[in-house]
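Contents: one structure, followed by commentary.
The values are calculated or read from the model by the stated rules, or taken from the named source; none is laboratory data. The shown structure was predicted, so the numbers you read here are calculated from the model rather than taken from an experiment. Neighbour counts run over all protein chains shown; Cβ positions are idealised from the backbone, glycine included.
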């Protein structure tokens, strides 16, 4: 029996690919030094009706890197993985249960999780209370602040943050308040894993048909209606706008990759738009990563709202990208600290707006303007976690927006691109430049001190 076990918690194939690349690069030691358990969780609202990770094309090749696969949903049934966590007094009991069920014995355990701020990662870190914790990030959210304050008993055990270099030169804010060191997963290792996953789709009929259609553009769907950000009709229209913009840019053969949980009617609306625009449309709705298609048929353009797969296309495949709809989503996103705000901000700042005639491009390294913006937005999202960023945020906002709170920002000559990243109510709440009517911020701060909102 191994004296040491590594438990890798994962809920998406993209995240599993990130872990596989880190394993291949030796970032978790040599194979055989520890027993490796892949703990699979399905965090969908109704897991029984959602696409299972095990059914995704390429999953088997990823799973082969581990000694055993465990279903977290089954382990805690009938509880839901997104909401269940042990009560403090139950932690020792649950650890004994899992040590026995998973054959851990009395050996040491190391926990590797995603999204440490929420369950199931937080529950796992709490159960193995004496174990070191490592966090991996599989998308753009790693550049944003930690969602809420972590218990010190968990935070003090986090050793590093593994992340992909999606925006070269940009340093993650996630867990930086605890001094957790970020560590890049090597580009070559990740690209090799993506090629391996794509190899699993070599005989896939749908992929073959898509490649034969010689598409020049790929549209990435997102399921924002499920999060209450957009209505189903608005999200349907967002995808139609993507197709229309691609058609106006000259693309006549287009692939649409819907979100795995999106309703079928989204593709029906696209069919009608494609017919009107004279565009050949292929819907790639199988259990595939978008990156599988990047490998098999290099499109000339990838269009999305703020999907991580956009930056994967540019960073790892040198495919030009363009955005549609980010400004609308920024306006709708609530609360301000919603963790989707940072991916939205990054994409909006880096990527051209296809509807406004912007030229698709490969963003490359982060421009000098991006990190100050990320830090300012990060402060506004989580001011209690990053109080040290306040002065820096105030300077940037004042420089870019001005502090004339009595004027209509739409009528201002200030930078409207920057303005949409900072909601006036939030600036007022924090007493920052660009706030509302004079005196409102101080009144609101006094109300917060008294434990109520004015």
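Worth a mention:
- Flag if residue 337 is under 22 Å from residue 224 (Cβ atoms), modelled with pLDDT of 95 or more, under 20 Å from the mean Cα position of the chain (by Cα) and not in a helix (DSSP H, G or I): yes
- Subset of the stretch 337-357 (residues that are farther than 16 Å from residue 245 by Cα and surrounded by fewer than 17 Cβ atoms within 10 Å (Cβ to Cβ)): 338
- Count of residues meeting criterion [farther than 20 Å from residue 326 by Cα and either free of Cβ contacts under 8 Å to residues at least 12 places away in the same chain or in contact with a strand residue (DSSP E or B) (Cβ under 6 Å, 6 or more places away or on another chain) (or both)] in the stretch 346-389: 3
- Restricting the stretch 139-185 to residues that are assigned to a loop (DSSP other than H, G, I, E, B), touching a residue at least 60 places away in the same chain (Cβ under 8 Å) and in contact with a strand residue (DSSP E or B) (Cβ under 8 Å, 6 or more places away or on another chain), the residue that is farthest from residue 4 (Cα to Cα) is 171.
- Condition check for residue 250: part of a loop (DSSP other than H, G, I, E, B), free of Cβ contacts under 8 Å to residues at least 40 places away in the same chain and either outside the structural domain of residue 13 (by TED's automatic domain parsing) or closer than 29 Å to residue 165 by Cα (or both): yes
- The stretch 44-69, residues that are within 15 Å of residue 13 (Cα to Cα), out of contact with any helix residue (DSSP H, G or I) (no Cβ under 7 Å at 6 or more places or on another chain), surrounded by 13 or more Cβ atoms within 10 Å (Cβ to Cβ) and modelled with pLDDT of 95 or more: 63, 66
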